[in-house]
C-alpha cells in the first residue's frame, strides 16, 4: 500500500493514495483540527513554539545546554518528557485525534539525545526511581529510567487510541542506539505499537544502497517483536524516476511506503508506477495481413 503524509486536508483523499497521514501538531508547534478521513499525526516532544515561549520546558544536558535549534544537531526544539503539564496536554490532543479517527500516529517521542535530560525535575525523579529500586545513579541506570518514562507515556497514549497506533522511529537501527539516544525500548514499546514508521529522507535518491541498508537493519531489529514497519520517503522536488527507484527498494522491506510533503509529486510517481506495470500488447501495421 502507498500513503501520503501531508499538512493539506484535501490531499489525504486523493485517489492515488491508499492511506493519508495528516499533521495535527508538527515540530514547529503549529496545530490543526484532526480529520476523520486521515490518520492524525502528533509531534509529541518536538515543539519549537512551546520551547520559545517557555524555555523551562526544554531539556538540558549536564553542561546546561538547552535542546533547541541553537545546537548544531537539532532542527527543532524539544520539550522534556517528564513535564507532567505538557504531557497532559499531549494526551488531550491524542484523545481529540482518536475521536475523529481511531488510528493515530505518534511522532517525535523520546528524549532528544543521549545526554538529556538533567533538569531539576528529571534529576529528582531519577534519584527517586533509583532509591525505590536500590540502584546506583550511574549512566546505565539513567538510560533505564529514561526508557521507563517514555514507555509509560506511550502506554498512556495508546490507552486513548482505540484503533491502530503508528509510531515514528529515528532512522538508526544499530542495536542499542534508539534506546540510548531517545529512551526507546523497542521490546517494551512493541506491546503498545501496531506499526513503526521509519522516515528515510533524501532530496535526490540518486543512490539507494544506504536506504536498503537501513531498511534491512530495521527488518532485523523488529523481526523478534513481530511488529510491522513502513518506510516514509521524502517527495518534495525529487525526480519521479529516482523516487520510483527509492519506492521499489523500500517496498521490498516495508509493509507500506509513504510519501512525505509533496502530494502532487507522490501522485505522479504512483501513476507512473501503475502505468509501468501495465504491459500492453504492441501491434504492427502489417499484423492485419498475417
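Each value in this text was obtained by applying a stated rule to the coordinates, not by laboratory testing. Note that the coordinates shown come from a computational prediction; the quantities given were computed from them, not determined experimentally. Please note: Cβ atoms are built from the backbone with ideal geometry, for glycine as well, and neighbour counts cover all protein chains shown.
Each Cα pair of the stretch 3-112 feeds into the Kirkwood radius, which the Stokes-Einstein equation turns, at 25 °C and 0.890 mPa s, into a diffusion coefficient of 168 µm²/s. To the nearest ten degrees, helix 263-277 and the longest principal axis of the Cα atoms of the chain are 50 degrees apart.
Residue exposure proxy: 151, 123, ordered by other Cβ atoms within 10 angstrom of their Cβ from fewest to most, comes out as 123, 151.
Per residue, the average separation of C-alpha pairs within less than 8 Å and at least 6 apart gives the stretch 76-164 a relative contact order of 48 percent.
Distance from a point 7 Å along Cα→Cβ of residue 74 to each backbone N in the stretch 88-115: keep the residues under 18 Å and list them by number. It comes to 107-115, nothing else.
Between residue 159 and residue 201, the modelled label-to-label distance comes to 3.3 nm, taking each label 7 Å out from Cα in the direction of the beta carbon. Calculated [222 nm] ellipticity per residue, helices only, for the chain: -11500 deg cm²/dmol; basis is -39500 (n - 2.57) per DSSP H run with n ≥ 4, divided by all residues, nearest 500. Normalised by the number of residues in the stretch 17-61, the average gap of Cα pairs under 8 Å and 6 or more apart makes the relative contact order 35 percent. Can you classify the stretch 47-139 as rounded, prolate or oblate using the Cα gyration tensor, where a ≥ b ≥ c are the square roots of its eigenvalues, rounded means a/c under 1.5, and otherwise it's prolate if a/b beats b/c and oblate if not? In terms of gyration-tensor shape, oblate. Fewest neighbouring Cβ atoms within 10 Å first, the residues 237, 202, 185, 47 line up as 237, 202, 185, 47. Extending 7 Å from the Cα toward the beta-carbon at both residue 14 and residue 56 defines two label points whose distance is 4.5 nm.
For the chain, the antiparallel share of DSSP beta bridges with both residues in that region comes to about 10%.
The modelled label-to-label distance between residue 133 and residue 49, using points 7 Å beyond Cα along the C-beta direction, is 3.7 nm. Rounded to the nearest 5, the antiparallel percentage of DSSP beta bridges internal to the stretch 141-290 is 0%. Using a cutoff of 8 angstrom between alpha carbon atoms and counting only pairs six or more residues apart, the relative contact order for the chain works out to 16 percent.
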